Amino acid sequence: MEHVATPSWASLAYLISGVLFILALRGLSSPATSRTGNRMGMLGMLIAVGTTLVTHVPTVGDLSGSYGETWKYDFTTVAQVLAAIALGGAIGWVTARKIAMTDMPQLVAAFHSLVGLAAVLVGWAAYLNPAAFGIAGADGVIEAQSRVEMGLGIAIGAITFSGSVIAFLKLAGKMSGAPIMLPGRHVINLGTIVAILGLVAWFTQDQGLWVIGAITALSFAIGFLLIIPIGGADMPVVVSMLNSYSGWAAAAMGFTLHNTAMIITGALVGSSGAILSYIMCRAMNRSFISVIAGGFGAEAGPAGEAKEQRPWKRGSAEDAAYMLGEAEKVIIIPGYGMAVSQAQHALREMGDLLKAKGVEVKYAIHPVAGRMPGHMNVLLAEANVPYDEVFELEDIQSEFATADVAFIIGANDVVNPAAKTDKSSPIYGMPVFDVDKAKQVFFIKRSMGGVGYAGVDNDVFYMDQTMMLLADAKKMVEDINKALAH
């Protein structure tokens with residue numbers, strides 16, 4: 001298949017796709033418009049993919065015409081492309097149907113790794129056969145500009161791939177969520193990044209196999225090194241950051257492929273992911289540079305083992321139901337434990353029962369609740385919790401002082417006062433909900449033996465106004481609902 005110039009109508013189609021992608025991002029900024037945003041993104045991608053297929057893999061006949069291009073046809077290529085689309089679509093369909101909401105963060109990390117790997121493979125394909133991509137000069141040598149694009153695309157793609165694999169392993173519990181601090185990691189990371197940039201520059205002068213091979217190998221290594229020092233409490237930022245990397249990798253490959261849609265889409269994903277990461281870092285009182293540099297400047301703290309046992313109070317579903325029913329204002333703080341037990345529907349039912357009794361019910365969402373940005377929002381939206389009852393940390397923090405009950409379900413780190421008091425804690429500096437200001441605290445967790453994802457014991461367990469409800473979150477809420485209904 002020969003490389004052909006992009007006709008005018010195709011450029012217009014890519015522009016329309018870009019506008020739809022922008023509208024999709026705008027829609028995804030709010031749970032109320034997220035469905036519309038998703039549909040616009042899907043339509044934009046359909047137009048972009050369809051346009052690319054028509055312009056690069058045309059159908060039977062000679063389409064020489066008003067645009068002045070002559071397209072040649074290769075039915076083998078058409079069959080390969082359609083087979084790849086069918087295979088990828090089938091895998092995506094089956095995965096989306098079977099994946100549990102609790103595994104969504106791992107799925108996102110896995111998808112990021114595939115985007116990164118695709119960028120690496122496309123870069124190597126362009127290197128091995130530059131004529132097919134239209135980036136070779138008359139002498140067969142790859143143009144210097146294309147080598148820069150190729151080198152950067154491969155580097156960012158490899159970093160995205162290996163970093164996303166580590167994020168997947170941490171999110172899936174296949175490796176420790178605690179920060180893994182290697183000796184001299186700052187020097188190693190900085191040296192590796194400088195070496196990669198130097199090799200990309202050298203690649204413009206020497207397109208030898210060893211150069212591109214070294215870029216790829218070092219980039220795979222630095223992706224691994226950048227993510228392992230980042231602890232579980234910062235994992236939502238990591239997922240957002242890797243999303244940004246995947247976008248920049250796609251944009252770089254778009255230049256190599258001379259594909260406007262890839263450039264636009266990649267730039268949108270890259271910039272929006274970077275902005276989201278920055279916003280989340282600010283919300284968590286984290287340094288954006290420190291996080292993207294792999295915890296640069298962070299020191300290894302204690303392992304976060306549970307403290308020795310202190311007195312605590314255990315309650316029952318009947319106790320909780322009685323006090324919830326007598327309250328005037330209840331603030332519910334969901335966390336990953338709610339996702340694991342799939343308790344969101346029972347929780348929404350509890351909210352409805354309380355509102356029927358005249359209780360004011362609000363949901364407090366922390367920026368890093370769950371394992372990815374917006375994790376709790378997605379679950380609550382799935383359970384049809386009204387959007388106007390869901391509040392971000394900065395919007396509801398002041399209301400805990402007037403709340404009769406703070407109802408914590410499956411959350412831990414986001415309500416842990418160690419973030420404010422213990423400088424050795426891995427979550428120190430992260431804003432947390434002031435649940436200690438509420439008159440009564442109900443805390444649902446499976447047992448007193450476990451600690452949060454960051455591995456830190458929680459003083460909230462032992463407060464005078466805290467009642468521990470030890471059980472599976474879904475079963476406990478269902479039992480509370482039964483008691484409320486009587």
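The values are calculated or read from the model by the stated rules, or taken from the named source; none is laboratory data. Because the structure is a prediction, the values reported are computed rather than measured. Virtual Cβ from ideal backbone geometry, glycine too; neighbours counted across all protein chains shown. Surface areas here come from the heavy atoms of the whole protein model, side chains and all, with no ligands, DNA or RNA. Shrake-Rupley method; radii C 1.70, N 1.55, O 1.52, S 1.80 Å.
In degrees from 0 to 90, rounded to the nearest 10, what is the angle of the helix 344-356 Cα long axis to the longest principal axis of the chain? That works out to roughly 50 degrees. Please report the accessible area of W9 (heavy atoms, 1.4 Å probe, ligands and nucleic acids excluded) in Å², nearest 10. For W9, the solvent-accessible surface is approximately 90 Å².
Once C-alpha pairs closer than 8 Å and six or more residues apart are averaged by separation and normalised to the residue number of the chain, the relative contact order reads 14 percent. Taking Rg/Rh (Cα atoms, Kirkwood Rh) as calculated from this structure, the corresponding entry among (1) 0.96; (2) 0.99; (3) 1.04 is (3). On a per residue basis, the chain carries 46 Å² of accessible surface, using protein heavy atoms and a 1.4 Å probe. Summing Cβ point charges (Lys, Arg +1; Asp, Glu -1) relative to the Cα centre of the chain gives a dipole of roughly 440 debye.
Per-residue ellipticity at 222 nm computed for the chain from its helices equals -18500 deg cm²/dmol, with DSSP H segments shorter than 4 residues left out and the rest contributing -39,500 (n - 2.57).
Compared with the dominant principal axis of the Cα atoms in the chain, helix 34-56 is inclined by about 10°. Ranked by the mean number of other Cβ atoms within 10 Å per residue, highest first, peptides 150-160, 391-401, 190-200 order as 150-160, 190-200, 391-401. Shape of the stretch 400-486 from the C-alpha gyration tensor: oblate (a/c of 1.5 or more and a/b not above b/c, with a ≥ b ≥ c the square roots of its eigenvalues). With 28 Å as the limit on Cα-Cα distance, the pairs of K98/K420; K423/K474; K170/K439; K357/K420; K362/K420 that go past it are K98/K420; K423/K474; K170/K439; K357/K420.
Please compute the contact order of the stretch 73-178 in relative form: average sequence separation of alpha-carbon pairs under 8 Å and at least six residues apart, divided by the residue count, as a percent.
35 percent
On average, how much area does the Cα convex hull of the stretch 177-236 cover when viewed from any direction, in nm²?
4.7 nm²
Packing, taken as the mean count of other beta carbons within 10 Å per residue, orders the peptides 28-35, 256-263 from highest to lowest as 256-263, 28-35. Between Y14, V239, A178, the Cα set farthest toward the positive side of the dipole of the chain (charges on each charged residue's Cβ, about the Cα centre) is that of A178.
For GluC sites (Glu not before Pro), the sites in the stretch 318-371 that DSSP calls loop and that have at most 14 other Cβ atoms within 10 Å are E328.
For the chain, take the longest principal axis of its alpha carbons; what is the angle in degrees between that and the long axis of helix 473-485, to the nearest 10 within 0 to 90? Computed tilt is about 50 degrees.
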